[in-house]
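See structure below.
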Amino acid sequence: MPVLLNHDLKGLPISLAQLKRRGETLLQICNCPASELSIALVDDRQMAVINEQYRNKKGPTNVLAFAMQEGEGGDLAPEILGDVIISIDTAAKEAAKDEVSLHRRVTILLIHGLLHLLGYDHERSDAEAELMAAKEQEILAQLLKKERRGQMVSLAINVDHVATLRQARGINEPDPVLAAGICELAGAQGIVVHLREDRRHIQDRDVRILRQTVKTKLNLEMGAAREIIDIALEIKPDMVTLVPEKRKELTTEGGLNVAGQKKSLKGVIAQMSKAGIPVSLFIDPDSRQIVAAKEIGATFVEIHTGRYCDAASEQERDHEFDLIATAAEEAYELGLRVNAGHGLNYLTTQRVAALGTIEELSIGHAVMARAIMVGLDQAVREMVALLPK
Ligand code: PXP
């Protein structure tokens, strides 16, 4: 057990599994994968007691490190590095001040403590302080890179518009099922359909056949209405994405208010989980919604990219992009899987796709609009080509 994690705090707002994994990855990065590291998470009250007892200092601090080698008989078990003690209360205040997620701040404090255990000490001289700060940055960059390696962003194509065209004529073509097959052959790694309560485009028959024909991953987008929930539970798509649904809207307009309807959404997630169906919640890039999604057991969040895509100026677009990047980071660090979509086109996709935190992009309109001009196969291939390899 190279990383031991201890705490007696209730309702910690971070993922302990992820913190433990990070501890293990940090040991690898620091070339001591077989060493044992103990991490203790405490509150400010507990930290103040430790600070007074061992350092004769009043009040809490953010992190303390006690190297095993320092103590009596420290050379008896060289594989045991020692303890890093982190105050979650102080870390939370620092995270808010630095505008980073709590996970990120705790990770930085953990790296700081670990470097102390490995012999670095910023209190010895200015030169050592500079060296230690540079090392912290280097290790954090390595950690983030390592965590994301192997996670390629994939493209899921929404074929609702093919059904919209079919419904306009009330006949049986074009068929979204055939379109889905062409998208998959062109490199799409998922198919998305939205079964609306008013059945304006996708029909029950489409979802049933797609369940049998989709070779990649079928993501059923849906409002949390009883009738549609029952269909999902019966058909068992590979995942569902819950969206707010209004009959009068042209397309899904805003993200779900997860924080405002935790109880009902938690019930839907529990039902889906029982049937083995992971749930994604379509949300605006908003910290409150992310934390609520984690609390009620969502597996994924899909971050709404609409405002970024619709921005009227470059300045506004940059601002909206920053909101998406920060939200994706926060969700990722909370241990949620992160998708994104809505309004993405051949100009706006690349920047979002390059965020290392996003797993899948859900794109419909832009690809279908281009498909009318150049063919569906080519339109999908051109979008796939925009994703980082
Ligand atoms: N994600 C969600 C949750 C959606 O509702 C939609 C639209 O159906 C999309 C992604 C795809 O949006 P667009 O068609 O603008 O690419």
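The values are calculated or read from the model by the stated rules, or taken from the named source; none is laboratory data. Note that the coordinates shown come from a computational prediction; the quantities given were computed from them, not determined experimentally. Neighbour counts run over all protein chains shown; Cβ positions are idealised from the backbone, glycine included.
Filtering the stretch 26-72 to residues that are buried (at least 19 other Cβ atoms within 10 Å of the Cβ), closer than 16 Å to His112 by Cβ and not hydrophobic (A, V, I, L, M, F, W, C) leaves Ser38, Asn51, Pro60, Asn62. Looking for something part of a loop (DSSP other than H, G, I, E, B), of a type in the set (A, V, I, L, M) and either within 13 Å of the ligand (Cβ to nearest atom) or in the same structural domain as Lys20 (by TED's automatic domain parsing) (or both) - is there at least one such residue anywhere in the stretch 323-334? No, every residue in the stretch 323-334 fails to be part of a loop (DSSP other than H, G, I, E, B), of a type in the set (A, V, I, L, M) and either within 13 Å of the ligand (Cβ to nearest atom) or in the same structural domain as Lys20 (by TED's automatic domain parsing) (or both). All of Leu155, Leu117 fail the test of being farther than 30 Å from Val63 by Cα, of a type in the set (A, V, I, L, M, F, W, C), surrounded by 15 or more Cβ atoms within 10 Å (Cβ to Cβ) and touching a strand residue (DSSP E or B) at 6+ places or on another chain (Cβ under 8 Å), apart from Leu155.
Within the stretch 136-165, which residues are modelled with pLDDT of 95 or more and within 16 Å of the ligand (Cβ to nearest atom)? Residues satisfying the conditions are Ser154, Leu155, Ala156, Ile157, Asn158, Val159, Asp160, His161, Val162, Ala163, Thr164, Leu165.
Yes/no matrix, rows are residues, columns are (1) hydroxyl-bearing (Ser, Thr, Tyr); (2) without any contact (Cβ under 8 Å) to a residue 12 or more places away in the chain; (3) out of contact with any Leu (no Cβ under 6 Å at 6 or more places or on another chain):
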residue	(1), (2), (3)
Thr305	yes, no, no
Glu329	no, no, yes
Val352	no, no, yes
Arg370	no, no, yes
Val374	no, yes, yes
Ala379	no, no, yes
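Any residue at all in the stretch 96-105 that's more than 19 Å from the chain's Cα centre (by Cα), away from the ligand (no atom under 16 Å from the Cβ) and surrounded by 15 or more Cβ atoms within 10 Å (Cβ to Cβ)? Steps first, answer last, please.
First, pick out the residues of the stretch 96-105 that are more than 19 Å from the chain's Cα centre (by Cα): 96-98.
With away from the ligand (no atom under 16 Å from the Cβ) added as a condition, the list becomes 96-98.
Okay, now just the ones that are also surrounded by 15 or more Cβ atoms within 10 Å (Cβ to Cβ), so none.
Within the stretch 96-105, none of the residues are more than 19 Å from the chain's Cα centre (by Cα), away from the ligand (no atom under 16 Å from the Cβ) and surrounded by 15 or more Cβ atoms within 10 Å (Cβ to Cβ).
The residues of the stretch 353-375 that are within 21 Å of Thr251 (Cα to Cα), more than 10 Å from the ligand (Cβ to nearest atom) and not charged (D, E, K, R), listed by number, are Ala371, Ile372.
Need at least 2 residues that are more than 23 Å from Glu359 (Cα to Cα) and more than 16 Å from the ligand (Cβ to nearest atom) per element, so show me which helices (runs of 4 or more DSSP H) inside the stretch 259-318 make the cut, counting only ones lying wholly within it.
Hits in the stretch 259-318: 262-274.
Scoring Thr216 on the criteria (1) more than 15 Å from the ligand (Cβ to nearest atom); (2) in a helix (DSSP H, G or I); (3) surrounded by 14 or more Cβ atoms within 10 Å (Cβ to Cβ) leaves a single failure, condition (2).
Condition check ((1) more than 16 Å from the ligand (Cβ to nearest atom); (2) buried (at least 18 other Cβ atoms within 10 Å of the Cβ); (3) under 25 Å from the mean Cα position of the chain (by Cα)) across all residues:
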{"position": "Ile182", "(1), (2), (3)": "yes, yes, no"}
{"position": "Asp204", "(1), (2), (3)": "yes, no, no"}
{"position": "Val207", "(1), (2), (3)": "no, yes, no"}
{"position": "Glu221", "(1), (2), (3)": "no, yes, yes"}
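Taking each residue of the stretch 250-270 that is more than 17 Å from Gly297 (Cβ to Cβ) and looking for partners that are within 16 Å of the ligand (Cβ to nearest atom) and among the acidic types (Asp, Glu) with beta-carbon atoms closer than 6 Å, six or more apart or interchain, yields Gly255/Asp284.
Please specify each residue of the stretch 366-389 satisfying the condition of being under 16 Å from Thr349 (Cβ atoms) and hydrophobic (A, V, I, L, M, F, W, C). Those that are under 16 Å from Thr349 (Cβ atoms) and hydrophobic (A, V, I, L, M, F, W, C): Ala366, Val367, Met368, Ala369, Ala371, Ala379, Val380, Met383, Val384, Ala385, Leu386, Leu387.
Entry remark, the stretch 335-352: residues being in a loop (DSSP other than H, G, I, E, B), near the ligand (Cβ under 9 Å from one of its atoms) and on the phi < 0 side of the Ramachandran plot number 2 in total.
Listed here are the residues, each with its yes/no results for (1) loosely packed, with under 14 Cβ neighbours inside 10 Å; (2) at pLDDT below 95; (3) of a type in the set (A, V, I, L, M); (4) not assigned by TED's automatic domain parsing to the domain that holds His161.
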{"site": "Ile229", "(1), (2), (3), (4)": "no, no, yes, no"}
{"site": "Ala232", "(1), (2), (3), (4)": "no, no, yes, no"}
{"site": "Pro237", "(1), (2), (3), (4)": "no, no, no, no"}
{"site": "Thr241", "(1), (2), (3), (4)": "no, no, no, no"}
{"site": "Glu253", "(1), (2), (3), (4)": "no, yes, no, no"}
{"site": "Ala270", "(1), (2), (3), (4)": "yes, no, yes, no"}
{"site": "Pro278", "(1), (2), (3), (4)": "no, no, no, no"}
{"site": "Leu281", "(1), (2), (3), (4)": "no, no, yes, no"}
{"site": "Gly306", "(1), (2), (3), (4)": "no, no, no, no"}
